[in-house]
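What follows is a short report on a single structure.
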Amino acid sequence: MRLLPVVERHLRALNVPPSRFGRQVTGDPRFVFDLRRGREPRAATRERVLAHIAKSEAASQKGESRHASAN
């Protein structure tokens, strides 16, 4: 699995700027821009990014279910 499509989908879904995502997850605001230019992150960085995305998506879904049950 390539990391860039997963990151791009996450950015669009949550409307997060690439520089903010990179800064929050890796401490590097250029991270996503470098991925777009072909950067291949180390395994530990890749795992950290995927874990962050999974956690964010879980929190997002949890918030959506609360709103749905409130109606």
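Points worth noting:
- Where a residue in region 1-12 is farther than 15 Å from residue 34 by Cβ and its partner, wherever it lies, is not hydrophobic (A, V, I, L, M, F, W, C), with Cβ under 8 Å and at least six apart: 10/56; 10/57
- Inter-residue pairs, beta-carbon under 7 Å, first surrounded by fewer than 17 Cβ atoms within 10 Å (Cβ to Cβ) and in region 22-38, second charged (D, E, K, R), 6+ apart: 29/23
We did not get these values from a lab; they are worked out from the coordinates using the rules stated. Given the structure is predicted, the values throughout are model-derived calculations rather than measurements. Please note: Cβ atoms are built from the backbone with ideal geometry, for glycine as well, and neighbour counts cover all protein chains shown.
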